[in-house]
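Following: one structure in structure tokens, then a few remarks.
The values are calculated or read from the model by the stated rules, or taken from the named source; none is laboratory data. This is a predicted model, so every value here is computed, not measured. Quick reminder, even Gly has a Cβ in these numbers, built from the backbone with ideal geometry, and neighbours come from all protein chains shown. Side chains are part of the model used for accessible areas, which takes the heavy atoms of the whole protein and leaves out ligands, DNA and RNA. Shrake-Rupley method; radii C 1.70, N 1.55, O 1.52, S 1.80 Å.
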Amino acid sequence: LTTAEAEELLKVHGLNEIEEKEVSKLYIFASQFWQPMPLMIWIAIVVEGVIESWPDMAILIAIQFANATLSFYEITKAGNAVKALKASLKPEATVKRDGKWKNINAIYVVPGDLVLLACGSTVPADSSVN
């Protein structure tokens, strides 16, 4: 491929990467209240309210919010670590453009690119191997 052809194919097919949905932090926090264990605690809270044991009910509600807060912290911390790891890994591909082998960022590989694979290298895209 020529560089111009590759640029045209890039406009048609887009970047060689998977789009990831961003989940809001509010949703992550709220989802901690309807996991299996928190649901059992909600049932216990309702039972405590029905029997009018207000101190126990308050303690269970405090446990529920503490659990959700700690879980939210751990999940967002792990998510940030994964994002940092992805940012540090920039896969490269060796492709033939304009008759010469060039190292480019793998997100710019387009259909029709001739990719050079060496022993132990990763395949930078959906490719057909001949």
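Here is the figure for region 63-78: residues that are open to solvent by less than 60 Å² (accessible area, probe 1.4 Å) and without any contact (Cβ under 8 Å) to a residue 24 or more places away in the chain total 2. Of the set (1) among the basic types (K, R); (2) surrounded by fewer than 13 Cβ atoms within 10 Å (Cβ to Cβ); (3) within 30 Å of V129 (Cα to Cα), all apply to K96 but (2). Only one of the numbered conditions (1) closer than 23 Å to T2 by Cβ; (2) surrounded by fewer than 15 Cβ atoms within 10 Å (Cβ to Cβ); (3) among the hydrophobic types (A, V, I, L, M, F, W, C) is violated by A81, and that is (1).
I need every pair where a residue in region 16-45 that is free of Cβ contacts under 8 Å to residues at least 60 places away in the same chain has its Cβ under 9 Å from the Cβ of a residue that is in a loop (DSSP other than H, G, I, E, B), sequence separation at least 6 or different chains. These pairs meet every condition: S31/V23; P38/Q32; L39/F33; W42/F33; W42/W34. Tell me, please, whether a residue that is under 23 Å from P124 (Cα atoms) and in a strand (DSSP E or B) can be found in region 82-92. Looking through region 82-92, at least one residue is under 23 Å from P124 (Cα atoms) and in a strand (DSSP E or B).
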